[in-house]
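Just so it is clear, none of the values below were taken in a lab; they were calculated from the coordinates. Bear in mind that the values here come from a model prediction, so they are computed numbers and not experimental data. Every residue, glycine among them, receives a Cβ derived from its backbone with ideal geometry; neighbour counts consider all protein chains shown.
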Amino acid sequence: MVTRSRPAVTILPAALCLVLLGACTTATPAAPASSAPAPSAAAPSMPASAPAEADAATLTLAMADSSLGSILVDGKGMTLYLFTKDTPNASNCTGQCLVAWPPLLGEPTAGTGVDDSKLGSFTRADGRTQASYNGWPLYYWQADGKPGDVTGQNVNSVWFVLDRDGKAVKG
């Protein structure tokens, strides 16, 4: 009879998670508004598999019931997050942070329950358009696999889902 040990199966995902999370606890300061980044300067902040702009259906944001209450989701029901180290309409998530926390790219529209006055977008330092809600840049968490997942909630005490008012749900 062959017996298999499972510690490696448990340890590997945990180690990978720590590596990914470690990249997201520090932010690269944004360049001053007066200096435009050179094309070569923007390249390092983009992950190797940079996400493409979302389609119109995905960009139709809505409110959905979750274990955390009513939260902001994309048009496919995937949970959206804010990063408390961001500033209004400016992302401080760059490099490896974008691998773990891909941005929602494009200009959002209002779906069910969303306050359309809070919808917005801005141009990232890398030239792409990122969706925002109440000024907060919007992101996905790479570990959320299906609509309704909220596994990115409170990661490193800086990543949170948003309520209808565009505020972090911290409870």
Quiz prompt | Qualifying residue in the stretch 105-114 (condition: among the β-branched types (Val, Ile, Thr) and either part of a loop (DSSP other than H, G, I, E, B) or closer than 20 Å to Gly148 by Cβ (or both)) | solution = yes
Quiz item: With Tyr140, Tyr133, Tyr81 as the choices, which residue is farther than 13 Å from Ala168 by Cα and either within 15 Å of the chain's Cα centre (by Cα) or basic (Lys, Arg) (or both)?
Solution: Tyr140
Quiz item: Does Leu72 satisfy the criteria of being buried (at least 23 other Cβ atoms within 10 Å of the Cβ) and within 15 Å of the chain's Cα centre (by Cα)?
Solution: yes
Quiz prompt | Filtered residues of the stretch 112-159 (kept if among the small types (Gly, Ala, Ser), without any contact (Cβ under 8 Å) to a residue 60 or more places away in the chain and surrounded by 18 or more Cβ atoms within 10 Å (Cβ to Cβ)) | solution = Gly120, Ser121, Ser132
Exercise. Looking at (1) part of a strand (DSSP E or B); (2) touching a Pro at 6+ places or on another chain (Cβ under 9 Å); (3) farther than 19 Å from Ser157 by Cα; (4) not hydroxyl-bearing (Ser, Thr, Tyr), find the lone condition where Leu82 falls short.
Key: (3)
